[in-house]
Structure formats: structure tokens, C-alpha cells
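Derivation of every value follows stated rules applied to the coordinates shown; laboratory data play no part. Computed from a predicted model, the values in this text were never measured in an experiment. Note that we place each Cβ from the backbone using ideal geometry, even for glycine, and neighbour counts take in every protein chain shown.
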Amino acid sequence: MAKILMCYPGGRHKALTMSYDDGRNADKRLVDIFNRNGIKGTFHINSGLFDIPDRLSEDEILSQYEGHEVSAHTLTHPTIARCPNEQIIHEVMEDRKNLERIMGYTVRGMSYPNGSYNNRIKDLLPGLGIEYARVVSGTGHFGMPHDWLEWQPTCHHNDNLMKHAETFVNLNKTQYLYLMYVWGHSYEFDTDNNWDLMEKFCAYAGGNSDIWYATNIEIVDYTKAFEQLKFSAGLDFVYNPSALSVWLRADDQVVEVKSGEQKKLN
């Protein structure tokens with residue numbers, strides 16, 4: 001019987017994703033840094049606040065975030081754990097509607113505004129079309145989330161970012177699956193006068209052939225595609241009913257299982 005391990009696309013065992021909130025004007029500079037280094041980010045937007053100073057306008061976000069993910073952050077950024085269910089539903093659904101109208105794709109994730117959440121909110125989100133939601137407390141580690149609706153990042157960018165990056169880049173045990181997840185607000189680089197930190201991080205962590213650079217929703221979709229695989233009882237073949245290719249390590253061989261394909265594993 002083959003020993004099967006999930007891999008990231010291309011057979012990789014490391015992934016990096018970035019997550020930034022509020023849609024501030026400083027996102028323009030941040031996206032440019034990401035693009036120059038081949039790094040992907042998810043940007044969580046309050047679509048009811050486009051007219052507030054220092055925020056990207058509705059007309060800007062389609063082109064500004066091309067190649068990245070636009071995700072929800074509620075319509076007006078309330079502390080939602082203090083809100084009634086009716087307001088939470090309004091805040092999430094109206095934000096989704098606005099962002100989907102602009103971006104032309106379904107918005108299926110969010111980050112909690114002010115880091116505010118509880119089990120009541122988590123129970124509501126699947127019915128509102130939300131498949132993941134990021135919190136603010138970091139783990140300091142590189143594991144996959146145990147709960148997509150309470151997705152803990154590795155760290156904020158001001159929390160020993162380069163130390164975490166050096167550890168992550170040098171991880172080489174392919175029997176493990178690693179994910180580095182960095183979050184923050186782009187305006188903090190202006191406030192703290194430390195844009196050089198993100199420049200240094202992206203130059204160091206970007207462009208590595210053994211790292212998958214992905215948005216938040218790409219990681220969710222890929223993981224769910226792996227979970228949908230239909231393995232034979234003897235693990236000698238597998239069928240992939242999803243729309244995505246999935247990579248596996250079968251014993252010592254990396255195998256791509258394409259969408260709709262049944263693949264032998266030994």
C-alpha cells in the first residue's frame with residue numbers, strides 16, 4: 001500500500017500567503033512590492049468606506065488588485081461581536097455584493113473587523129457564503145489552520161518577520177506541509193517608517209522555486225480539492241472530481257492528479 005501525502009502545486013511542501021486589511025492607499029506601494037517579487041496577497045476591503053480619505057476608490061480596486069484576491073472586511077468595519085445578527089448579515093452580504101459587482105468573481109472569505117468574532121458569528125458565516133475568516137492573533141508557527149473560520153496567521157509583519165522568514169525559507173523536511181501567513185495594514189509602514197522591512201522580506205522570501213505563492217482563497221480551494229479526492233481502499237488509484245489539479249507524494253514519487261482524472265498510484 002502506497003504512503004500518500006498531500007503536496008502543494010508542483011509537489012511543493014511550503015506556501016506563503018499575505019493578508020492586508022482596510023484598502024488604504026498604501027496598498028498601492030505594497031502591491032508593487034509583492035508584484036516585483038512574485039508574491040500574492042489577499043486584501044480585505046470595507047466597500048462602504050470608499051469615500052473616506054486615504055482609502056482606495058471604488059474605481060481603483062479592480063486594476064489595483066489584479067493578480068491578487070479581494071476579500072470582505074464587512075461594509076463599514078463595526079466591532080461585530082457587539083452587533084445583532086441582522087446587522088452582521090447586512091454588513092457581510094452588502095460588502096460581498098459590492099465587491100463582487102466590482103471584481104466580477106465571488107467573494108468567499110473575509111477578515112474580522114477590529115479582530116472581533118465569536119462562535120455566534122462563526123455559525124452565521126457559512127450561510128452567508130463565507131468559507132474562511134482570518135483573526136489577528138498569530139501562532140508563530142507554519143501549520144495549516146484547524147478552523148477556516150478562525151484562521152490564525154503566523155505573524156503580524158511587526159512581529160519578528162525576518163526571523164520567521166529565515167526559519168520558513170530554510171525548512172526542508174518534506175514530510176511536513178508548511179504555510180507562512182503574514183498579516184497587517186499597509187498604512188502601518190508609513191506610520192512606522194519601515195517600508196524597508198517589507199522590501200527586505202519580499203526580496204528574501206520571494207522567487208523561491210520550492211514555495212507556492214498563493215492568495216488565501218487559493219489555499220482554501222486547493223485544500224478542499226485534496227479533501228474531495230476519492231481514493232481506492234487499497235490506495236492503488238485515486239479519482240479527482242474537483243476542478244483543480246492536486247499534487248500528491250505517493251511513496252517517493254510526486255504525482256499530479258488532474259481535474260476529472262483517475263490516476264494509478266503504484
Please identify the trypsin sites (Lys or Arg not before Pro) of the stretch 234-266 that satisfy two criteria: DSSP loop assignment and at most 14 other Cβ atoms within 10 Å. Which are they?
LYS258
Gain upon complete extension [GLU166, ASP32; 0.36 nm per residue less C-alpha separation]:
46.0 nm
Please go through the stretch 102-133 and write out the chymotrypsin sites (Phe, Trp or Tyr not before Pro) that DSSP classes as loop and that have at most 13 other C-beta atoms within 10 Å.
TYR105
Helix 85-103 sits at what angle to the longest principal axis of the chain, using alpha carbons and giving 0 to 90 degrees rounded to 10?
80 degrees
Expressed as an acute angle from 0 to 90° and rounded to the nearest 10, what is the orientation of the C-alpha long axis of helix 216-227 relative to the principal long axis of the chain?
30 degrees
Loop only by DSSP, 11 or fewer other Cβ within 10 Å of the Cβ. Give me the GluC sites (Glu not before Pro) in the stretch 1-104 that pass, ordered by residue number.
GLU66
Scalar couplings 3J(HN,Hα) for the stretch 38-53 by Karplus 6.51 cos²θ - 1.76 cosθ + 1.60 (θ = phi - 60°), nearest whole Hz, x for Gly and Pro, are x, 9, 10, x, 10, 10, 9, 10, 9, 6, x, 10, 4, 8, 6, x
I'm spelling it out carefully: the read-out is semi-axes √(5λ) of the Cα gyration tensor in Å, the candidates are (i) 30, 19, 18; (ii) 26, 23, 18; (iii) 32, 23, 16, and one was derived from this structure. Which label?
(iii)
LYS264 paired with LYS122, simple spin-label distance in nm, labels 7 Å along Cα-to-beta-carbon
4.5 nm
